[in-house]
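Structure first, commentary second.
Only the coordinates and a few stated rules stand behind these numbers; no lab work does. Please read these numbers as outputs of a predicted model, since none were measured by experiment. Cβ placement follows ideal geometry from the backbone for every residue including glycine, while neighbour counts extend to all protein chains displayed.
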Amino acid sequence: MPYKNILVAVDLGATTETIIRRAAALARQDDAELHVLHVIEPLAITYGGDIPMDFSAIQDEILEQAREQLDQLCGTLAVPTDHRHLVTGRPESEIPTQAKALGSDLIVLGSHARWGLALLLGSTTDGVMHGADCDVLAVKVDTEPAAN
């Protein structure tokens, strides 16, 4: 059964183009809608809530830069503006939430090789797989640990 509504979640890092191109190819193949999502973790979560600082200006700048990157990326693939989504939260919970809200039947995201501590701590991909109500395709984007 072909997919009809694909959500690709990207981190806007070095592997983003590989992941989004794979999702776009699937969408073309199945004549499906393609939605692109980037989740920004709140700085208070990233750096701990114990730091008595106002992160709002920095958070706004991060949001604006992410929007520009997302628009540039989606523009090259002709993804409509209303299919570009930028949210703030924890990726492992926001990705399944957005997929459900959009009625997605497939989530595509990158899966990095996990080494050392990452094997014990889990990953965003694992969190999404356990929280999603639809299929999840993890695109393998690297296979070896970075050289020191």
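For the pair Met1 and Glu64, what calculated FRET efficiency results from E = 1/(1 + (r/R0)^6), where r is the Cβ-Cβ distance and R0 = 30 Å, to the nearest 0.05?
Once rounded, the FRET efficiency stands at 0.15.
Grab the beta carbon distance between Asp31 and Ser93, set R0 = 35 Å, and tell me the FRET efficiency rounded to 0.05.
In this case the efficiency is close to 0.70.
Want the number for Asp135 to His83: 0.36 nm per residue separation, take away the alpha-carbon distance, what's left?
Between Asp135 and His83, full extension yields an extra 16.8 nm.
So what's the net charge close to Val36: Lys and Arg +1, Asp and Glu -1, counting the other residues with Cβ under 13 Å from its Cβ?
Residues close to Val36 contribute a combined charge of -1.
Between Gln72 and Ser56, what is the spin-label point distance in nm, taking each point 7 Å from the Cα along the Cα→C-beta axis?
Output for this residue pair reads 2.9 nm.
Mind listing the long-range amide H neighbours of His35? Cut-off is under 5 Å, sequence gap 5 or more, other chains count too, H placed in the peptide plane at 1.01 Å from N.
Excluding prolines and chain starts, which carry no amide H, the hits are Ile6, Leu7, Val8.
Grab the Cα-Cα distance for Ala101 and Arg21, subtract it from 0.36 nm times how many residues apart they are, and report the gain in nm with one decimal.
26.5 nm
Could you give each residue of the range 126-139 its phi-based ³J(HN,Hα) in whole Hz, using Karplus coefficients 6.51, -1.76, 1.60 with θ = phi - 60°, and x for Gly or Pro?
Working through the residues one at a time gives 4, x, 5, 4, 7, x, 7, 9, 9, 5, 10, 10, 9, 8 Hz.
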